[in-house]
Every structure is written in C-alpha cells, then in structure tokens.
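> Shown below is the structure under consideration.
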Amino acid sequence: MRDIPMSRLEEWKAMGFDPQNCPVRQVLDHVAAKWTSLILLELENGPQRFNALGRALPDISKRMLTRSLRELERDGLVAREVFDTKPPSVTYRLTDLGRSFLGPLHGLIDWAGAKMPEIEAARDAFDRN
C-alpha cells in the first residue's frame, strides 16, 4: 500500500494541535485585518510619521490607524520612535520581523492579482445559482 502524506493539519493534530492556540490564526487575525497589509506596504519604503500614513491611506480613521499600528507594534512587526520635539513627533518603521513578513505578503498579493478573475467568475457563478 502506498504511503499517503499527511496534510499539514493532520500533522498538527498528530502533534496535539490546539485550534485556540494556532500560530497561523494568531498571525492572520492581525495581518489579515483590513488595513494591516496596506500599512505594512506603506512602511516598506522606510519610516513614516503618523500623519503621512493617514494621508497615504485616506479612508482609514485616526482611531483605526492608531489601533492597527499598536497591534503591529505589539506583534513586533512595527517599531515606534518618539522624538523629543515640541510637539512630540512619532515615526513608525518596519522591524526585521516586519520586513521578513513582506515576502509572504508579496506572494499573497501576486496570487490575489493573478487569481482575481477566477475568484470573480466563481462568485458570479455562485450568485447566479
């Protein structure tokens, strides 16, 4: 009989996988949020001040931008630097961990761009039924 390789989920379950403590879910809960990937992409070219990020993403509220940046900072993807000026100025930049996420993010962006016509066709077909 031929050995059938286990799926990733089957491997995780065999190791005592706990869905409540799934590392993928924990990461995706933050990075798959509406604004997170756009913030990371804005920071890809270098540090930015809060208001510059707000201008680059005009549909985001200040409250949501603050919340998203705090979550990214908490996860170690973004670093916040406060300058002792009057009024204080703050910049945000990607950490090494944040930069390491750009490769997978770019892969997802490429996949989504290439597959969007198929996804739209599937949605149209589903909606017609």
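> So, of the residues in segment 61-87 that are in a helix (DSSP H, G or I) and in contact with a strand residue (DSSP E or B) (Cβ under 7 Å, 6 or more places away or on another chain), which turns out to be farthest from residue 98 (Cα to Cα)?
Here is the first cut: in segment 61-87, the ones in a helix (DSSP H, G or I) are 62-74.
Within this subset, residues satisfying the condition of being in contact with a strand residue (DSSP E or B) (Cβ under 7 Å, 6 or more places away or on another chain) are 69, 72-73.
Details: 69: 12, 72: 9, 73: 10 Å.
Per the criteria, the residue is 69.
> Moving to a separate point now. Looking only at residues in segment 27-78 that are among the hydroxyl-bearing types (Ser, Thr, Tyr) and surrounded by 14 or more Cβ atoms within 10 Å (Cβ to Cβ), which one is nearest to residue 105 (Cα to Cα)? Show your work before the answer.
First, pick out the residues of segment 27-78 that are among the hydroxyl-bearing types (Ser, Thr, Tyr): 36-37, 61, 66, 68.
Applying the additional criterion that residues be surrounded by 14 or more Cβ atoms within 10 Å (Cβ to Cβ) yields 36-37, 68.
Numbers: 36: 11, 37: 8, 68: 17 Å.
Top of the filtered list is 37.
> Under the condition of being part of a helix (DSSP H, G or I), small (Gly, Ala, Ser) and without any contact (Cβ under 8 Å) to a residue 40 or more places away in the chain, which residue from segment 1-54 is farthest from residue 88 (Cα to Cα)? Spell out how you get there, then give the answer.
First pass over segment 1-54, keeping only residues part of a helix (DSSP H, G or I): 8-14, 19-21, 23-31, 36-43, 50-54.
Now restrict to residues that are small (Gly, Ala, Ser): 14, 37, 52, 54.
Narrowing further to those that are without any contact (Cβ under 8 Å) to a residue 40 or more places away in the chain: 14, 52, 54.
Details: 14: 52, 52: 15, 54: 17 Å.
Per the criteria, the residue is 14.
> Six or more apart or on different chains, Cβ atoms under 7 Å: show the pairs whose first residue is in segment 94-107 and without any contact (Cβ under 8 Å) to a residue 40 or more places away in the chain and whose second is of a type in the set (S, T, N, Q).
none
> Which condition number in (1) at pLDDT 95 or above; (2) of a type in the set (Val, Ile, Thr); (3) closer than 24 Å to residue 45 by Cα is the one that residue 109 fails?
Of (1) at pLDDT 95 or above; (2) of a type in the set (Val, Ile, Thr); (3) closer than 24 Å to residue 45 by Cα, only one is false for residue 109: (1).
> Which one is farthest from residue 51 (Cα to Cα), of the residues in segment 84-129 that are aromatic (Phe, Trp, Tyr) and surrounded by 10 or more Cβ atoms within 10 Å (Cβ to Cβ)?
Filtering segment 84-129 for residues aromatic (Phe, Trp, Tyr) gives 92, 101, 111, 126.
Those left that are additionally surrounded by 10 or more Cβ atoms within 10 Å (Cβ to Cβ): 92, 101, 111.
Values: 92: 11, 101: 24, 111: 31 Å.
Per the criteria, the residue is 111.
The values are calculated or read from the model by the stated rules, or taken from the named source; none is laboratory data. Source: prediction; values computed, not measured. Positions of Cβ are generated from backbone atoms using ideal geometry, with glycine treated the same way; all protein chains shown enter the neighbour counts.
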